[in-house]
Every structure is written in C-alpha cells, then in structure tokens.
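The values are calculated or read from the model by the stated rules, or taken from the named source; none is laboratory data. If you're wondering where the values come from, they're calculated on a predicted model, not measured in any experiment. Glycine also receives a Cβ, built like all others from the backbone with ideal geometry; neighbour counts cover every protein chain displayed.
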Amino acid sequence: MEPPKMIRIDTNSVPWEERYQEALGKAMFLKPLLQDRDTGMIIRMVRYPAGFLNKWHFHTCAHGMFVLAGTLVTHVGVHGPGSFVWFPEGMRMEHGAMAKSDVVALFITNKPFDIHYEEKP
C-alpha cells in the first residue's frame, strides 16, 4: 500500500470555470481544487461577480466560505477578507457579492454538494 501523499495546487494556474445558474439567470465562477472520493467533501474557490446574489436556498451539506477578496454578503450581514462563515446543513440562506465588487472565497463542504432554491421563508 502506498503511503498518503501531500497535495499541492497552484490556484493561480487553475482556470476559472463559468457556471451558469439557471435558477438565477446569471453565472458565477469556480476553480475546482479537491473532492474526497470517500466523503464527497469538496474544496473549491468561488467568485461571485459584483451584484451576484444566490437567492434563498438550502443545502443538505454543511459548507464554509473563507473570504479571500471582496466582501461576502449574507442574510445575516457582510464579511470581509479573512472572515470565515460556516452554514450548517439545512440552513436557509442568501449570499453573494456587494453591488460594486466581486467576492472570492474558498468554499468547503462536509459531503457532496447540492442546492435547493426556495422562496424567502
């Protein structure tokens, strides 16, 4: 059996992938970094363009966002660079970018990612 190996990713060399969100009628961008085959946990960088708001939704996975640049807007306030926000499984939420600037965050899930849009509770 091979010993575990460290993983190193130069995120500057990973291209941004555009992800059109049909439910929102607009796109966001991501850089896939890692997915654990056993747990489904995902790590990626996400970029919400200025004014992008991921309307009311929930996930059956928990997820965290570590803000790298810009300001993350959530249903409970705004969070600048260096902030880490954790959303528990099933929490109803909104989040996105400020009107005049993009936000970039490291996005981490605890198991496979899903998203379910709904009306404001």
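Of all residue pairs spaced 6 or more apart or on separate chains, those with beta-carbon atoms under 7 Å, a first member in region 92-121 that is within 10 Å of Thr71 (Cβ to Cβ) and a second member that is surrounded by 14 or more Cβ atoms within 10 Å (Cβ to Cβ) and basic (Lys, Arg) are Asp102/Arg47. Can Gly82 be described as under 14 Å from the mean Cα position of the chain (by Cα), within 29 Å of Ser13 (Cα to Cα) and small (Gly, Ala, Ser)? No, not satisfied.
Across region 67-78, the qualifying residues are those that are of a type in the set (Gly, Ala, Ser) and either in a strand (DSSP E or B) or at pLDDT below 95 (or both), and the one among them that is nearest to Arg47 (Cα to Cα) is Ala69. Condition first: surrounded by 14 or more Cβ atoms within 10 Å (Cβ to Cβ) and either closer than 16 Å to Val67 by Cα or not charged (D, E, K, R) (or both). Now tell me which residues in region 1-26 satisfy that. Matches in region 1-26: Val14, Gln21, Leu24.
For the structure I just gave you, tell me whether Gly64 is assigned to a loop (DSSP other than H, G, I, E, B) and either at pLDDT 95 or above or surrounded by fewer than 16 Cβ atoms within 10 Å (Cβ to Cβ) (or both). Lay out the reasoning, then the answer.
Values: assigned to a loop (DSSP other than H, G, I, E, B): no; either at pLDDT 95 or above or surrounded by fewer than 16 Cβ atoms within 10 Å (Cβ to Cβ) (or both): yes.
No: the conditions fail for Gly64.
Only a single item in (1) in a loop (DSSP other than H, G, I, E, B); (2) on the phi < 0 side of the Ramachandran plot; (3) modelled with pLDDT of 95 or more is not met by Gly40, and it is number (2). Among the residues of region 68-121, how many are of a type outside the set (A, V, I, L, M) and under 19 Å from Leu24 (Cα atoms)? Result for region 68-121: 17. Within region 28-42, the residues that satisfy the criterion of being in contact (Cβ under 8 Å) with a residue 24 or more places away in the chain and more than 21 Å from Pro4 (Cβ to Cβ) are Met28, Leu30.
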